[in-house]
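Asks: My questions will all concern the structure given below.
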Amino acid sequence: MLEINTSGWKEFYLGGDEGLFIIVKGKRLTKAKMIAGDINFIGSSANNNGVTNKIGNKDNIHPGNLITVSYNGSVGEAFYQENQFIASDDVNVLYPRFELNKYIAWYLCPIIRKVGKKFAFIDKWKKEDMEKSKIKLPVTSDEMPDWLYMESYMKTIEQKVLITLKEYSSISKMKKQEHNIEKWQEFKVGEIFPN
């Protein structure tokens with residue numbers, strides 16, 4: 001993958017009045033109060049897109065097409081949530097002030113993670129600190145975030161990954177093919193590989 005030249009990039013606040021997002025703190029929900037269901041419960045996890053449970057509770061549901069960020073536990077872990085979800089009180093939900101899609105979110109999440117990791121060694125990445133945090137992004141000629149570039153870049157990455165997965169799948173299928181070994185013979189290693 002080509003290295004990205006960040007020299008012309010500009011910093012933007014994550015939250016606050018001038019920020020890219022409105023940051024909303026998740027709500028506390030104990031395991032005892034969870035109802036079985038099919039809505040993703042996002043906790044402070046670095047795994048499984050942050051999903052720690054499936055629940056049926058109806059309060060504090062966030063719509064899909066948002067980014068979640070752990071501010072406690074797995075501090076800084078940022079994930080794109082395509083479908084509706086409920087966020088724990090260890091997670092902040094980022095509501096965009098721009099038109100977000102999965103490609104832009106996929107571009108932003110690693111950048112947000114990088115900024116958030118410094119808080120893992122200091123303290124929790126509290127909502128107030130997150131709002132004051134800045135991320136560096138590519139910009140257009142009018143120095144606004146270049147959403148089109150970010151989307152295009154991630155679409156290219158997605159295509160490369162899909163091609164790689166397809167190649168891997170075909171190799172896996174080849175490995176599963178049975179071989180007829182009826183005409184195979186035994187050889188001594190020394191006969192094949194002399195000293």
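The values are calculated or read from the model by the stated rules, or taken from the named source; none is laboratory data. Since the structure is predicted, the reported quantities are computational estimates derived from the model, not experimental observations. Every residue, glycine as well, gets a Cβ built from its backbone with ideal geometry; the counts of neighbours run over all protein chains shown. Surface areas here come from the heavy atoms of the whole protein model, side chains and all, with no ligands, DNA or RNA. Shrake-Rupley method; radii C 1.70, N 1.55, O 1.52, S 1.80 Å.
Asks: Does segment 27-79 hold any residues that are free of Cβ contacts under 8 Å to residues at least 12 places away in the same chain and among the polar types (S, T, N, Q), and which are they?
Replies: T30, N47, N48 - these are the residues of segment 27-79 that are free of Cβ contacts under 8 Å to residues at least 12 places away in the same chain and among the polar types (S, T, N, Q).
Asks: Determine if segment 91-102 includes at least one residue that is modelled with pLDDT under 95 and surrounded by fewer than 18 Cβ atoms within 10 Å (Cβ to Cβ).
Replies: First, the residues of segment 91-102 that are modelled with pLDDT under 95: none.
No, the conditions are met nowhere in segment 91-102.
Asks: Could you list, in sequence order, the residues of segment 60-99 that are of a type outside the set (S, T, N, Q) and at positive phi?
Replies: G73, G76
Here's the yes/no breakdown for (1) at pLDDT 75 or above; (2) over 30 Å from D17 (Cα atoms):
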| residue | (1), (2) |
| --- | --- |
| D129 | yes, no |
| D142 | yes, no |
| P145 | yes, no |
| T156 | yes, yes |
| I163 | yes, yes |
| I171 | no, yes |
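Asks: Please verify whether segment 54-64 includes one or more residues that are farther than 30 Å from T156 by Cβ and buried (at least 22 other Cβ atoms within 10 Å of the Cβ).
Replies: No, the conditions are met nowhere in segment 54-64.
Asks: Just the residues that are aliphatic (A, V, I, L, M) and under 20 Å from F119 (Cβ atoms), please, taken from segment 64-97. Step through it out loud before you land on a result.
Replies: Filtering segment 64-97 down to residues aliphatic (A, V, I, L, M) leaves 66-67, 69, 75, 78, 86-87, 91, 93-94.
Within segment 64-97, I67, V69, V75, A78, A87, V91, V93, L94 qualify.
Asks: If I filter segment 1-17 down to residues being within 22 Å of T68 (Cα to Cα) and at pLDDT 95 or above, which single residue comes out as surrounded by the most Cβ atoms within 10 Å (Cβ to Cβ)? Step through it out loud before you land on a result.
Replies: Of segment 1-17, the ones within 22 Å of T68 (Cα to Cα) are 11-17.
Okay, now just the ones that are also at pLDDT 95 or above, so 11-15.
Working: E11: 10, F12: 18, Y13: 16, L14: 24, G15: 22.
In this case the residue turns out to be L14.
Asks: Could you tell me how many of the residues in segment 133-165 are within 17 Å of F12 (Cα to Cα), surrounded by 13 or more Cβ atoms within 10 Å (Cβ to Cβ) and of a type outside the set (S, T, N, Q)?
Replies: 11
Asks: Follow-up question, since we're still on this one. Is it fair to say E131 is among the charged types (D, E, K, R) and within 27 Å of I157 (Cα to Cα)?
Replies: no
Asks: Being farther than 19 Å from M154 by Cβ and more than 19 Å from the chain's Cα centre (by Cα) is the requirement here; does D90 meet it?
Replies: Values: farther than 19 Å from M154 by Cβ: yes; more than 19 Å from the chain's Cα centre (by Cα): no.
No: the conditions fail for D90.
Asks: Take segment 90-124 and flag every residue that is touching a Lys or Arg at 6+ places or on another chain (Cβ under 7 Å) and not in a helix (DSSP H, G or I).
Replies: Correct list: N92 only.
Asks: Failed condition for L20, given (1) free of Cβ contacts under 8 Å to residues at least 60 places away in the same chain; (2) closer than 28 Å to K155 by Cβ; (3) open to solvent by less than 60 Å² (accessible area, probe 1.4 Å), with all others met?
Replies: The failed condition is (1).
Asks: So, in segment 71-89, how many residues would count as being at pLDDT below 95 and part of a strand (DSSP E or B)?
Replies: Within segment 71-89, residues that are at pLDDT below 95 and part of a strand (DSSP E or B) number 0.
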